[in-house]
1. Need at least 2 residues that are over 19 Å from Glu316 (Cβ atoms) per element, so show me which strands (runs of 3 or more DSSP E) inside segment 55-130 make the cut, counting only ones lying wholly within it.
2. Out of segment 131-140, which residues are in contact with a strand residue (DSSP E or B) (Cβ under 6 Å, 6 or more places away or on another chain), outside any strand (DSSP E or B) and not acidic (Asp, Glu)?
3. Looking at segment 278-305 only, could you name the residues that are of a type in the set (S, T, N, Q), farther than 21 Å from Arg352 by Cα and out of contact with any Leu (no Cβ under 7 Å at 6 or more places or on another chain)?
4. Condition first: within 20 Å of Glu78 (Cβ to Cβ) and in a loop (DSSP other than H, G, I, E, B). Now tell me which residues in segment 141-174 satisfy that.
5. Counting only residues that are assigned to a loop (DSSP other than H, G, I, E, B), in contact (Cβ under 8 Å) with a residue 12 or more places away in the chain and more than 21 Å from Val289 (Cβ to Cβ), how many does segment 227-252 have?
6. Against the condition within 18 Å of Val317 (Cα to Cα), of a type in the set (Asp, Glu) and surrounded by fewer than 16 Cβ atoms within 10 Å (Cβ to Cβ), how does Glu222 come out, does it pass?
7. Would you check which residues across segment 38-54 are farther than 15 Å from Asp313 by Cβ and not in a loop (DSSP other than H, G, I, E, B) and list them?
8. List the number of the failed condition for Ser255; all other conditions in (1) assigned to a helix (DSSP H, G or I); (2) surrounded by fewer than 22 Cβ atoms within 10 Å (Cβ to Cβ) hold.
Amino acid sequence: MLMEELIGELGRYLGDAGSDAGSDAGSDAGSDAGSDAGTPAIGLPPHAYTHPGFYELERSQIFGRSWVLVGHASRLAEPGDYLALTVAGEPVLVTRGRDGALHAMAPICRHRNMPLVEPGTGRANAFTCRYHLWRYGLDGRLLGATFMRENAAFDPAACRLPAFAVEEWHGFVFVNLDPDAEPLTPHLGRAEEETADYGLDSMVQVASWREEWRVNWKLAVENAHENYHVMGLHPTTVALITPRGGGDMDVRADSPWATRLRSPFKEPMPPGVLPLRDEQRAFMDNYCVFPSGSIATFADSIVWISFVPLSIDRTEVRGGVLLPPALLDGADAEALRKEHEASAATVNDEDRDGLEAVQRTIGSRFTGRGHLSPKEPGVLAFYRGLARALTRPRGEETE
């Protein structure tokens, strides 16, 4: 399928092409479901997961202009702490500066384009290029360039690493490769109100993970936007706490960037250390930040996850578990870490195995566009986000 056809098909999720969710979608579909007039309840064309040109468009129009959840601030607690990663092929470095502020930049030496740091976390006073020993500060300013004084055209004050926009929301760190991006935080107003009882600022990240899945990033995000798959991929894990079929998901679009997916637990979570209402113990609220980050509530814990493309068929999966301090009093921190990381690894393995199988067959000439269940309104909400991002002119991010 040509690029023009792919973009045209995306437009259907925003247009008035009519619904094919069926008349029984009803309340199963939630407020943003396939039964909405004008939204076809059908999957993306398979080429959307394999077309190199389409992926390049996603790199520029989505990951070049959107807020990407990259980690938790507990890894950036002290001046000099840094996090380095790749976002859709672009190297990104996030640091905690001596001023206490977060800085995000491209860690590529301005001399001959040598990478300054490898992906990972660490602590540094500065970043020195191993090629010709140019040195940069935690905020990206050039601190020193060897043997450059005789080049009259070179202005060291004007030489610095390209800066990105960065925001911290209650410990969650987001980066936007567009330095002039509109702020993210105003879009999270409803999430701000609804998560107040969890005390996000005081929660402690007790476990984290970073994995690589051999899948297109959209397959991973779609999977995270529905619980319909739980009975198939997670019969002995997540299925134990969710209704069969994943329950009836309610989707609420708070802004072009933020969406809440609300799903019921099989039984309300028992009272714990947090002062939660009955409603908060009966439902999991998954606050999704387009394109690929989510923060989910599980009574006395918070789980975050982010899917960051490395290439058209490779995705880095980052995540973590946060607990309230009251649960950590007298607890064995290492035992807690191992317990939560093992639990996450089990569920992640189940998802990865299933999605990598889909990726292996998605390029077949016998694939097609599947009709979606009324249990998958979150997937349609994600498709609408894709359509907005890939068809919007520059400067219309909030419209």
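The values are calculated or read from the model by the stated rules, or taken from the named source; none is laboratory data. Because the structure is a prediction, the values reported are computed rather than measured. Here the Cβ is made from the backbone with ideal geometry for all residues, glycine too, and neighbour counts use every protein chain on show.
1. Because the criterion is at least 2 residues that are over 19 Å from Glu316 (Cβ atoms), the strands (runs of 3 or more DSSP E) in segment 55-130 that meet it are 90-96, 102-105.
2. Once the filter is applied, which keeps residues that are in contact with a strand residue (DSSP E or B) (Cβ under 6 Å, 6 or more places away or on another chain), outside any strand (DSSP E or B) and not acidic (Asp, Glu), segment 131-140 yields Gly137, Leu138, Gly140.
3. Hits for segment 278-305 are Gln280, Thr297.
4. His170, Gly171
5. Residues flagged as assigned to a loop (DSSP other than H, G, I, E, B), in contact (Cβ under 8 Å) with a residue 12 or more places away in the chain and more than 21 Å from Val289 (Cβ to Cβ) within segment 227-252 amount to 9.
6. no
7. Matches in segment 38-54: Ile42 only.
8. Checking Ser255 against (1) assigned to a helix (DSSP H, G or I); (2) surrounded by fewer than 22 Cβ atoms within 10 Å (Cβ to Cβ), the one that fails is (1).
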